[in-house]
1. What is the spin-label model distance, in nm, from PHE69 to LYS50 if the labels are put 7 Å beyond Cα along the C-beta direction?
2. How big is the charge dipole of the chain about its Cα centre, in debye rounded to the nearest 20, if each Lys and Arg gets +1 on its Cβ and each Asp and Glu gets -1 on its Cβ?
3. Summing -39500 (n - 2.57) over the DSSP H runs of n ≥ 4 in the chain and dividing by its residue number, what mean residue ellipticity at 222 nm do you reach, to the nearest 500 deg cm²/dmol?
4. Top mean-square fluctuation among GLU38, GLU20, GLU29, Gaussian network model of the chain, C-alpha springs under 10 Å?
5. Given an 8 Å cut-off on Cα distances and at least 6 residues of separation, report the relative contact order of the chain as a percent.
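Readers should treat all values here as calculations from the given coordinates under stated rules, not as data from a laboratory. Note that the coordinates shown come from a computational prediction; the quantities given were computed from them, not determined experimentally. Note that we place each Cβ from the backbone using ideal geometry, even for glycine, and neighbour counts take in every protein chain shown.
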Amino acid sequence: MKKTIKTLYKDKIADIRDYEVKKCIDNNENIYIKFEKETMTLSALELKTKLIRVSKYKFKSKFGGKDYFLYSYNWNPDIPTQIKK
């Protein structure tokens, strides 16, 4: 699953909606979180083990979608592979 976020909490934490995380875990798929020009990849296992916080309150969808909790992960972007010449 690909997910683009607009902000990082305190410039170091990526927040993802609970139903998106659960979908990736259930399907045993990676999530690719994009912020600005960087991407962070988390596997289904890492979504379980690298979780640092769950929001205390459920957020209401502004557009009639599902209500959700936020799952937080430390922002650790992937290192781009360098092309050898």
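1. About 2.0 nm separates the two model spin labels.
2. 200 debye
3. The helix contribution divided over the chain gives -4500 deg cm²/dmol.
4. Highest fluctuation among the options: GLU38.
5. Relative CO of the chain lands at 32 percent.
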